[in-house]
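Engineer: The structure is given below, and queries will be raised subsequently.
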Amino acid sequence: MPELPEVEITRRGIEPFVLGKTITGVTVRNPNLRRRVQRNFARLIVGRRVDRVSRRGKYLLLECAGGSLIVHLGMSGSLRVIEPGVPPGVHDHVDLVFGGTALRLRDPRRFGMVLWNPGDASPHPLLAHLGIEPLGAQFSAEFLHRVTRGREVGIKQLLMNASVVVGIGNIYANESLFRAGILPRTRAGRLSRERCGRLVASVKDTLLDALAAGGSSLRDFVHSDGASGYFQQRYYVYDRAALPCLVCGTHIRVARLGQRSSFYCTTCQK
């Protein structure tokens, strides 16, 4: 699933093409996404100008007067900038047209969504209970230390809890914990303030490095121009089970935690 870096890269990629532009047309080829596209979708959005392109967690927001388009890429989706006349593929479900430019939602698994929300988007059920942004100032050692007190859950599962902190999926949780030297199964409530500070710094550094590398292109994710990211070439532990650790040479191990694969080095992580 695209995580925070991939969604933020998509936001940056589409912004120059849609900001300040008016939606002139809509094509819905398959409305049966994770949430069915509204029946009157075209009537709701055609003629609206995009005043801001923002991101909340893994959600993209195209903010207009009177409401916002909420877009989620699901597990396999991408938003691509195209010319409106480009023939669609079998998985190209929705086009948003801005005159001579269009945004095309390609989603092979159809777990993404695009919906119109009137008024302020922040109280919407999809957004209302999201936690803080990991690249913001609120995500600090003090915050992480406070929210981990009394928690028996493993720290990796807490990092992936979107009601605590948003946008950190399996890839970047594994990589951040390696950089911080913390085993994924470590009980969150046992982390000292110092280790919380180290983990916060590692999360921020990992996400920023991923942004600089264009994100991770695994399976279906590509940029809005169809290009691929290459952060996967810099993984320390993710998807490297049984391979030697790039730091110490110990073989990377893998375990199932919270129904997800966790990759770690028993020498570098304690």
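Engineer: List every residue pair whose Cβ atoms lie under 6 Å apart, where the two residues are 6 or more positions apart in sequence or sit on different chains, the first residue falls within region 30-50 and is farther than 11 Å from GLY112 by Cα, and the second residue, located anywhere, is of a type outside the set (A, V, I, L, M, F, W, C) and open to solvent by 70 Å² or more (accessible area, probe 1.4 Å).
Structural biologist: The qualifying pairs are VAL50/LYS21.
Engineer: Could you please find all residues in region 170-198 being part of a helix (DSSP H, G or I), open to solvent by 10 Å² or more (accessible area, probe 1.4 Å) and either touching a His at 6+ places or on another chain (Cβ under 6 Å) or within 14 Å of HIS145 (Cα to Cα) (or both)?
Structural biologist: GLY189, ARG190, ARG193, GLU194, ARG195, GLY197, ARG198
Engineer: Let me ask something additional. Being in a loop (DSSP other than H, G, I, E, B) and buried (at least 17 other Cβ atoms within 10 Å of the Cβ) is the filter here; which residues of region 81-107 pass it?
Structural biologist: So the first thing to find is which residues in region 81-107 are in a loop (DSSP other than H, G, I, E, B), and the list is 83-91, 99-100, 107.
Within region 81-107, HIS91, ASP107 qualify.
Engineer: Another question about this same structure. Given the conditions (1) open to solvent by 50 Å² or more (accessible area, probe 1.4 Å); (2) modelled with pLDDT of 95 or more, report the number of the one that LEU208 does not fulfil.
Structural biologist: Every condition holds for LEU208 apart from (2).
Engineer: Being under 18 Å from LEU115 (Cβ atoms), open to solvent by less than 60 Å² (accessible area, probe 1.4 Å) and touching a Pro at 6+ places or on another chain (Cβ under 6 Å) narrows it down to one of GLY57, GLY67, so name that one.
Structural biologist: Values: GLY57 fails: touching a Pro at 6+ places or on another chain (Cβ under 6 Å).
Exactly one of GLY57, GLY67 is under 18 Å from LEU115 (Cβ atoms), open to solvent by less than 60 Å² (accessible area, probe 1.4 Å) and touching a Pro at 6+ places or on another chain (Cβ under 6 Å), namely GLY67.
Engineer: Scan region 134-169 for residues that are closer than 21 Å to MET75 by Cβ, outside any loop (DSSP other than H, G, I, E, B) and open to solvent by less than 70 Å² (accessible area, probe 1.4 Å) and jot them down. Break it down stepwise before answering.
Structural biologist: Looking only at region 134-169, we keep the residues that are closer than 21 Å to MET75 by Cβ, and these are 134, 156-157, 159-163, 165-169.
Cutting the leftovers down to outside any loop (DSSP other than H, G, I, E, B) gives us 156-157, 159, 165.
Result: LYS156, LEU159, VAL165.
Engineer: Could I ask something else about it? Among the numbered conditions (1) farther than 16 Å from VAL94 by Cβ; (2) within 19 Å of the chain's Cα centre (by Cα), tell me where GLY66 comes up short.
Structural biologist: (2)
Engineer: Can you give me the number of residues within region 70-80 that are open to solvent by 20 Å² or more (accessible area, probe 1.4 Å) and either farther than 19 Å from ARG11 by Cβ or not in a loop (DSSP other than H, G, I, E, B) (or both)?
Structural biologist: To start, the set of residues in region 70-80 that are open to solvent by 20 Å² or more (accessible area, probe 1.4 Å) comprises 75, 80.
Add one more test, that the residue is either farther than 19 Å from ARG11 by Cβ or not in a loop (DSSP other than H, G, I, E, B) (or both), and what stays is 80.
Number satisfying all stated conditions: 1.
Engineer: For the structure I just gave you, tell me whether VAL254 is part of a helix (DSSP H, G or I) and modelled with pLDDT of 95 or more.
Structural biologist: Working: part of a helix (DSSP H, G or I): no; modelled with pLDDT of 95 or more: yes.
Answer is no for this residue.
Engineer: Considering each residue of region 105-126, count those that are of a type in the set (Gly, Ala, Ser) and under 9 Å from SER68 (Cβ atoms), and give that number.
Structural biologist: Step one: list which residues in region 105-126 are of a type in the set (Gly, Ala, Ser), which gives 112, 119, 121-122.
From what's left, under 9 Å from SER68 (Cβ atoms): 119, 121.
Count: 2.
Engineer: Related question: Filter region 1-46 down to residues that are part of a loop (DSSP other than H, G, I, E, B) and among the β-branched types (Val, Ile, Thr), then give me how many there are. Walk me through it before giving the result.
Structural biologist: Looking only at region 1-46, we keep the residues that are part of a loop (DSSP other than H, G, I, E, B), and these are 1-3, 19-21, 23-24, 29-40, 46.
Next, only the ones that are among the β-branched types (Val, Ile, Thr) stay: 23-24, 37, 46.
Qualifying residue count for the region: 4.
Engineer: Is it true that LEU73 is under 21 Å from the mean Cα position of the chain (by Cα) and closer than 30 Å to ASP205 by Cα?
Structural biologist: Working: under 21 Å from the mean Cα position of the chain (by Cα): yes; closer than 30 Å to ASP205 by Cα: yes.
Here the answer is yes, as LEU73 does meet what is asked.
Engineer: Only one of PRO123, PRO118 is open to solvent by 50 Å² or more (accessible area, probe 1.4 Å), closer than 30 Å to GLN38 by Cα, at pLDDT 95 or above and touching a strand residue (DSSP E or B) at 6+ places or on another chain (Cβ under 8 Å). Can you tell me which?
Structural biologist: Details: PRO123 fails: touching a strand residue (DSSP E or B) at 6+ places or on another chain (Cβ under 8 Å).
After ruling out the rest, the residue left standing is PRO118.
Engineer: Kindly check whether there is at least one residue in region 18-37 that is at pLDDT below 95 and over 29 Å from VAL165 (Cβ atoms).
Structural biologist: no
The values are calculated or read from the model by the stated rules, or taken from the named source; none is laboratory data. For clarity, every value in this text was computed on a predicted model and none was experimentally measured. For neighbour counting, all protein chains shown are included, and Cβ atoms are generated from backbone atoms with ideal geometry for every residue, glycine included. SASA here: full protein model, heavy atoms, side chains in, ligands and nucleic acids out. Shrake-Rupley method; radii C 1.70, N 1.55, O 1.52, S 1.80 Å.
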